[in-house]
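*Asks:* Attaching a single structure in structure tokens format; questions to follow.
The values are calculated or read from the model by the stated rules, or taken from the named source; none is laboratory data. Please read all numbers here as calculations on a predicted model, not as lab measurements. FYI the Cβ positions are ideal-geometry reconstructions off the backbone, even for glycines, and counts take in every protein chain you see.
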Amino acid sequence: MKIMVVGGGGREHAIIKKLKENKDITKIYALPGNGGMKDDAECVNIGAKDIPAIVDFAKANGIDFAVVAPDDPLVLGCVDALEEIGVPCFGPNKAAAIIEGSKVFSKNLMKKYGIPTAAYEVFSDVDSALKYLETAPIPTVIKADGLALGKGVIIAMTREEAVAAVKSMMEDKVFGDSGSNVVVEEFLTGPEVSVLSFTDGKTVVPMISSMDHKRALDNDEGLNTGGMGTIAPNPYYTEDIAKVCMETIFIPTVDAMNKEGRTFKGCLYFGLMLTPNGPKVIEYNCRFGDPETQVVLPLLKTDLLTVMQAVRNETLADINVEFKDMAACCVVMASKGYPGKYETGFEIKVAPDIDAEVYVAGAKCDGDKVLTAGGRVLGVVAVADDLVSAVDKAYKEVPNVTFDNAYYRSDIGQKAIKALG
Ligand code: AMP
Ligand code: GLY
């Protein structure tokens, strides 16, 4: 079988490596992929948002199955376009991807169907938003409606910060049209959990839970990033909480999307906060998380292509999706300066005897060499019997990957280990 994976980051590298375990797969293309995955897939220089070129490539190369991984192509309708020419896909269609594409949509969906989330107001003009902020409880959270490269959320600790956030989104348009509408929502507290799930619109199968580490520096200091590391499973996510989430969040969300005529098929990501008043949805993503995927998929026992095909064919109830009773830790190695300005072009060297997976996010080839080409460069992922061992092993292997100007957090997993007691 010939498979095509749309996207080019560490998440896609983890998906590709997992797919490769299936011996029926003879060829994997990555569009565009990156130089760090050249041993695992053939990288094709087509951007993930260039839907006409993606469709042409699939047609010309007899693609049997496509995985569309990033938010942009999903929201733009890449799956609709590929299915229309007869290429079966894993990923939601455009109508369903709106669950991530519009925060106004997702907040209204949760309100309509009684799914627990932060209280909120939606504004489409700046004056009403500013008027509301005069008396809104502080801290408050300001969210741009549309996709904003993961940066469209501002936690305002003062009224002045809230006003500045609304003005930057609605007047200065720092996120373009994504900020034409804003959501102002209640500030919640509690441990955060990411739960990725497979769903075909009928059945929902949560994957092993995980925890992201979004801030750039140790102790959750520094700027927000795309994610500096992850662990799985997340110790805060107990069996009791999982049961509550299934009943009050996962099934109701899948049902709500069906009732709206927007059946969701693919990976539905629940970003949850375990508040003193129970688990609440912070955000939905219409795709695998990055870098959550890098710790979740290595723990998947069942063949990934089989699961993806069952999702596509709406037969998920017929298969048993199993995870290993183990733990994983991903330490992201980034370029010094990220998420601000950083230099690239440094050679990445991986020791041949490294005892960890390396999923590459930002790299390019230069002859035989692989050079850094992004802010988040790669993730070093270790799997072990328990969380403490997985974290130890990941940090033991990190020095086996080197490039100039590398930096990484030294405390990935520590909060989770403390929670274990
Ligand atoms: P997002 O970009 O939607 O993942 O949000 C980024 C981060 O902002 C989340 O991981 C939370 O830590 C935080 N956040 C989002 N919404 C809220 C909220 N209502 N209350 C407190 N923190 C929030
Ligand atoms: N790790 C969060 C995300 O993928 O959006």
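*Asks:* How about the range 341-421: which strands (runs of 3 or more DSSP E) wholly inside it have at least 2 residues that are over 27 Å from Asn224 (Cβ atoms)?
*Replies:* Where strands (runs of 3 or more DSSP E) fall fully within the range 341-421 and carry at least 2 residues being over 27 Å from Asn224 (Cβ atoms), they are 363-366, 369-372, 376-384.
*Asks:* Oh, and also: May I ask you to verify whether Leu109 is surrounded by 15 or more Cβ atoms within 10 Å (Cβ to Cβ), within 17 Å of Lys280 (Cα to Cα) and away from ligand 1 (no atom under 13 Å from the Cβ)?
*Replies:* yes
*Asks:* Of all residues in the range 77-89, how many are surrounded by fewer than 22 Cβ atoms within 10 Å (Cβ to Cβ) and assigned to a helix (DSSP H, G or I)?
*Replies:* Adding up the residues that qualify gives 4.
*Asks:* Just need a number here: residues in the range 180-210 that are among the hydroxyl-bearing types (Ser, Thr, Tyr) and farther than 16 Å from Leu299 by Cβ.
*Replies:* Counting residues in the range 180-210 that are among the hydroxyl-bearing types (Ser, Thr, Tyr) and farther than 16 Å from Leu299 by Cβ gives 4.
*Asks:* Only one residue in Glu192, Glu185, Glu221 is touching a Phe, Trp or Tyr at 6+ places or on another chain (Cβ under 9 Å) and more than 28 Å from Asp385 (Cβ to Cβ), so which one is that?
*Replies:* Sole residue among the options that is touching a Phe, Trp or Tyr at 6+ places or on another chain (Cβ under 9 Å) and more than 28 Å from Asp385 (Cβ to Cβ): Glu185.
*Asks:* Would you mention how many residues in the range 285-300 are out of contact with any helix residue (DSSP H, G or I) (no Cβ under 7 Å at 6 or more places or on another chain) and either more than 16 Å from ligand 1 (Cβ to nearest atom) or modelled with pLDDT under 95 (or both)?
*Replies:* Result for the range 285-300: 4.
*Asks:* Could you tell me which of the residues Tyr342, Tyr338, Tyr359 is buried (at least 21 other Cβ atoms within 10 Å of the Cβ), hydroxyl-bearing (Ser, Thr, Tyr) and in contact with a Ser or Thr (Cβ under 8 Å, 6 or more places away or on another chain)?
*Replies:* The match here is Tyr338.
*Asks:* Restricting attention to the range 226-260, which residues are of a type in the set (A, V, I, L, M, F, W, C), touching a helix residue (DSSP H, G or I) at 6+ places or on another chain (Cβ under 8 Å) and within 16 Å of ligand 2 (Cβ to nearest atom)?
*Replies:* Answer for the range 226-260, where residues must be of a type in the set (A, V, I, L, M, F, W, C), touching a helix residue (DSSP H, G or I) at 6+ places or on another chain (Cβ under 8 Å) and within 16 Å of ligand 2 (Cβ to nearest atom): Ile231, Ala232.
*Asks:* Now, a different point. Out of the residues in the range 177-203 that are among the β-branched types (Val, Ile, Thr) and not in a loop (DSSP other than H, G, I, E, B), state the one that is farthest from Ala148 (Cα to Cα).
*Replies:* Checking each candidate, the answer is Thr199.
*Asks:* Something else: For the structure I just gave you, tell me whether Thr315 is farther than 18 Å from Pro70 by Cα and free of Cβ contacts under 8 Å to residues at least 24 places away in the same chain.
*Replies:* Judged against the criteria, Thr315 is not a match.
*Asks:* Out of everything in the range 137-171 that is small (Gly, Ala, Ser) and within 12 Å of ligand 1 (Cβ to nearest atom), what residue ends up being nearest to Ser124 (Cα to Cα)?
*Replies:* Only one residue fits best here, namely Ala144.
Matching residues to (1) at pLDDT 95 or above; (2) more than 16 Å from ligand 2 (Cβ to nearest atom); (3) basic (Lys, Arg):
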residue	(1), (2), (3)
Gly150	no, no, no
Val174	no, yes, no
Gly179	no, yes, no
Leu188	yes, yes, no
Ser209	yes, no, no
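*Asks:* Next up: Output the number of the condition that Asn224 fails; it satisfies all remaining conditions of (1) at pLDDT 95 or above; (2) within 16 Å of ligand 1 (Cβ to nearest atom); (3) of a type outside the set (D, E, K, R); (4) surrounded by fewer than 20 Cβ atoms within 10 Å (Cβ to Cβ).
*Replies:* Asn224 satisfies all of (1) at pLDDT 95 or above; (2) within 16 Å of ligand 1 (Cβ to nearest atom); (3) of a type outside the set (D, E, K, R); (4) surrounded by fewer than 20 Cβ atoms within 10 Å (Cβ to Cβ) except (1).
*Asks:* Looking only at residues in the range 193-213 that are surrounded by 17 or more Cβ atoms within 10 Å (Cβ to Cβ) and of a type in the set (D, E, K, R), which one is nearest to ligand 1 (Cβ to nearest atom)?
*Replies:* Ranking the candidates gives Asp212 first.
One line per residue, one yes/no per condition, for (1) more than 16 Å from ligand 2 (Cβ to nearest atom); (2) touching a Gly at 6+ places or on another chain (Cβ under 7 Å); (3) basic (Lys, Arg):
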site: Arg262; (1), (2), (3): yes, no, yes
site: Tyr269; (1), (2), (3): no, yes, no
site: Thr275; (1), (2), (3): yes, yes, no
site: Glu283; (1), (2), (3): no, yes, no
site: Thr302; (1), (2), (3): yes, no, no
site: Gln309; (1), (2), (3): yes, no, no
site: Arg312; (1), (2), (3): yes, no, yes
site: Leu316; (1), (2), (3): yes, no, no
site: Ala356; (1), (2), (3): yes, no, no
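*Asks:* Sticking with this structure for a sec: Any residue at all in the range 345-357 that's within 16 Å of ligand 1 (Cβ to nearest atom) and in contact with a Leu (Cβ under 8 Å, 6 or more places away or on another chain)?
*Replies:* no
*Asks:* Do we find a residue being buried (at least 17 other Cβ atoms within 10 Å of the Cβ), over 25 Å from Lys18 (Cα atoms) and more than 16 Å from ligand 1 (Cβ to nearest atom) anywhere in the range 55-72?
*Replies:* So far as the range 55-72 goes, no, none of its residues is buried (at least 17 other Cβ atoms within 10 Å of the Cβ), over 25 Å from Lys18 (Cα atoms) and more than 16 Å from ligand 1 (Cβ to nearest atom).
*Asks:* Please state which one of Gly146, Gly114 is within 16 Å of ligand 2 (Cβ to nearest atom) and either in contact (Cβ under 8 Å) with a residue 12 or more places away in the chain or of a type in the set (Gly, Ala, Ser) (or both).
*Replies:* Gly146
*Asks:* Quick check: is even one residue across the range 260-276 within 16 Å of ligand 1 (Cβ to nearest atom) and more than 21 Å from the chain's Cα centre (by Cα)?
*Replies:* Yes, the range 260-276 contains at least one residue that is within 16 Å of ligand 1 (Cβ to nearest atom) and more than 21 Å from the chain's Cα centre (by Cα).
*Asks:* Given the condition within 21 Å of Val381 (Cβ to Cβ) and in contact (Cβ under 8 Å) with a residue 60 or more places away in the chain, answer yes or no: does some residue in the range 251-270 qualify?
*Replies:* Checked against the condition, which is being within 21 Å of Val381 (Cβ to Cβ) and in contact (Cβ under 8 Å) with a residue 60 or more places away in the chain, the range 251-270 yields at least one hit.
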